[in-house]
Amino acid sequence: MRTIKRLDLFLLKTFLPLFIMTFGICLFIFLMQFLWKYVDEMVGKGIEMYILAELFFYAALTFVPQALPLAILFASLMTFGNLGEQLELLAMKASGISLVRIMRPLTFFLIAVAISAFFFQNNVIPVSQVKMYTLLLSVKQKSPELEIPESTFYTEINGKNIYVRKKDRKAKLLRDIMIYDYSEGFNNARVIVADSGRFKTSVDKKYVVLSLYSGESFENLKGGKERARDAKDAVPYRRESFDTMEMLIEFDGNFNMTNESIFQDRYVGKNIASLRQSIDSMTVRMDSVKSVESKALFSQSYRKTLAHVEPVAGTGKSVKKDSLTAKRPVVNFDSLYRVQEPDVKMSLLSYSKRNIDNLLMNYGFKSSTLSFEEKEIRWHHTEMHRKFTLSFACLVFFFIGAPLGAIIRKGGLGAPAVISVFLFIVYYIIDNIGYKMARDGIWLPWQGMWISSAVLLPLGVFLTYKAVNDSVILNAETYMDAIKRFIGKREFRKIEKKDIIMEVPDYDAVTVSLQNLNMRSKRYIAANRRWMHYVDFWKQGGTDSEAGQIAIEIESVVSVLENSDQNLVLNKAMDFPVIKSYHLANFRISPRLGMALAACFPVGGIVYLIAVYRRKLLRQDIKTTVRVCDEMVEIINGKNMKK
């Protein structure tokens, strides 16, 4: 029991530093992404450092639920990858501790982390999001610092474009100034040219005083109704020369905080209780609006003329009676329209068109209002589901990362970082697709928000099952060996000299077996060419029984020579090739089925080409077998090892 407790503490001590480190790295990455996205809104506005620090603090709190799943995936991959690489995981399994038992302390710890993440998402995130978006909106609305560039038009002042050719830093003057003032409209633009000038900001930072020296002012006077009534009349203008001119320009350079109520009433600033309350109130309001609008639409439609109310004699009550069954005069509107005068027809059509346009405009506006209400309800639903999905994603990523690290057995920041980023990108893409589908009403909110977890959860279950059963499905060496065998680099034999030999080989019998193997291999090479006819290949079912028999004889001879005490014999025995499964299937198919597969030419042709390539490798191995058999016989005869 004490050993188990020490194991739990060891795993926690191994996991926690990696988890804290990866969480910091992931949070830093998300903050850098946030900075790159909004850097243009922050630079050049003279914002104090404490405001930026406050903005980044609330942004960091907002990105905690997004960085947490990636950090758990990264840390679990590194933890179990390091344990597997240093053979500590193997030692635990050898002592009888299963992988599920090894993962148990971290599972309990991450369940607590997921629960804490849910409460953090429900109570802290709404406040941090309101603060962050409020600060971000305030930063966007702040006017930039009044820093006039050289040889470029400055357009940040409303109604004015200012051009400065050069700045005199020592004298604090602006040289060759040109100002286009279109605050009263482009038709009444005013142009001011000055030799030099100087900017000063008022104490309250709400105005800028521009002092201009040695310049001229040009102004177009085309503005009043009494002027330029005819297009051919001359347009008057005014030209003024000045030695000194001062302009007072309204320019608010202060940082004004936006009211937080703008975002507190939105879905980003509400917890689950507030979201449910808002969803219920919006649903009731929208249902009532739909009911009222449906009744109004019915009262304005032709449907109302299909029924009329008539009093029932002696009762004082009234009943609805179908107007189609009542005896009422039938009016033919088409005949009435055709007998009208053309101008009357035109007025009737114009009147009808105006009514239709008014109805379309009216109900189009009402439809857009209802669509906005429905969108708000969907956004509230998606935000409510997000508070659960991000916490659940922490557990899903742990059951992906831990078994994956146990399978690949690679620690450090190399392979785990690549795999973590790849899996998180897949999760991020699926999650964004689901979110947009739910937000646009294509999917239900719970379908869109849970699709990423539904896709990755089976992967976690599959990897956990494979890791518990010590599967090599994700072992890179397995696939590298398969690729090497396919391209012709097969595995080599490894034979070591035995310290104790229970049965010495009978070299006479071995010589006979080598000669028989040699003759059989030569017959195979003579009888089987490199190429085989396409139809013959499928008739024989794709298998090669003769090659399989040669492989069996090779293994039989090698198993006898492994007991030799001669190093030369052992070294030469390692030269025998390893012939494994050169046939295309582990069972023989009938000729009829083979011809059916041959008819599927695109697939059958590819299989046939692969078989031709493998047949070439087989012939090379059998030629090697012939050579090794001859050399082995010479060694046995030359060393006089026969009894």
I'd like to compare 269-277, 125-133, 618-626: which one has the highest average count of other Cβ atoms within 10 Å, and what's the full order after that? 125-133, 618-626, 269-277
Taking 0.36 nm per intervening residue step and subtracting the Cα-Cα distance, what contour gain separates MET42 from SER183 on full extension? 48.1 nm
Rounded to whole Hz and in sequence order, give me ³J(HN,Hα) for region 623-631 from the Karplus expression 6.51 cos²θ - 1.76 cosθ + 1.60, θ = phi - 60°, writing x for Gly and Pro. 4, 5, 4, 4, 5, 5, 4, 4, 5
One-quarter of the Cα convex hull surface for region 388-474, in nm²? 5.7 nm²
Would you please give the FRET efficiency between PHE218 and ARG165, computed as 1/(1 + (r/R0)^6) with r the Cβ-Cβ distance and R0 = 22 Å, to the nearest 0.05? 0.75
Quick one: how many Å² of ILE115 are accessible to a 1.4 Å probe, rounded to 10? 90 Å²
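Which order do the peptides 353-361, 55-63, 554-562 take when ranked by the mean count of other beta-carbon atoms within 10 Å per residue, highest first?
Highest mean packing first, the order is 55-63, 554-562, 353-361.
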Output the pairs from LYS410/LYS498; LYS37/LYS366; LYS270/LYS290; LYS290/LYS345; LYS295/LYS353 with a Cα-Cα distance over 28 Å in this structure; if there are none, say none. LYS410/LYS498; LYS37/LYS366; LYS290/LYS345
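Work out, step by step, the length gained on full extension between GLN620 and LYS200: first 0.36 nm times the residue separation, then minus their alpha carbon distance; give nm to one decimal.
On the way: separation 420, 0.36 × 420 = 151.20 nm, distance 8.97 nm.
Full extension from GLN620 to LYS200 adds 142.2 nm.
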With every protein chain left in place and a probe of 1.4 Å, what is the accessible surface of TRP446, to the nearest 10 Å²? 130 Å²
At a Förster radius of 30 Å, what calculated FRET efficiency corresponds to the Cβ-Cβ distance of SER352 and VAL292, to the nearest 0.05? 0.70
Determine, for each peptide in 173-179, 391-397, 448-454, the mean count of other beta carbons within 10 angstrom over its residues, then list the peptides with the highest first. 391-397, 448-454, 173-179
So between PHE365 and LEU52, what do we pick up on full extension, going 0.36 nm a residue minus the alpha carbon distance? 108.6 nm
So which of LYS140/LYS206; LYS131/LYS387; LYS13/LYS387; LYS140/LYS375; LYS522/LYS572 end up more than 24 Å apart, counting from Cα to Cα? LYS13/LYS387; LYS140/LYS375
In sequence order, what are the phi-derived ³J(HN,Hα) couplings for region 508-517 according to the Karplus relation 6.51 cos²θ - 1.76 cosθ + 1.60 with θ = phi - 60°, rounded to whole Hz, with x for glycine and proline? 5, 5, 5, 4, 5, 5, 5, 5, 5, 5
Along the three principal axes, how long is region 17-164 when you take its alpha carbons, biggest first, rounded to the nearest angstrom? 80, 35, 20
Would you check the accessible area of LYS387, probe 1.4 Å, heavy atoms only, in square angstrom rounded to 10? 0 Å²
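The values are calculated or read from the model by the stated rules, or taken from the named source; none is laboratory data. What you are looking at is a predicted structure, and each value in this text was computed from that prediction instead of being measured. Every residue, glycine as well, gets a Cβ built from its backbone with ideal geometry; the counts of neighbours run over all protein chains shown. In case anyone asks, the SASA skips ligands and DNA or RNA and just uses the protein heavy atoms, side chains included. Shrake-Rupley method; radii C 1.70, N 1.55, O 1.52, S 1.80 Å.
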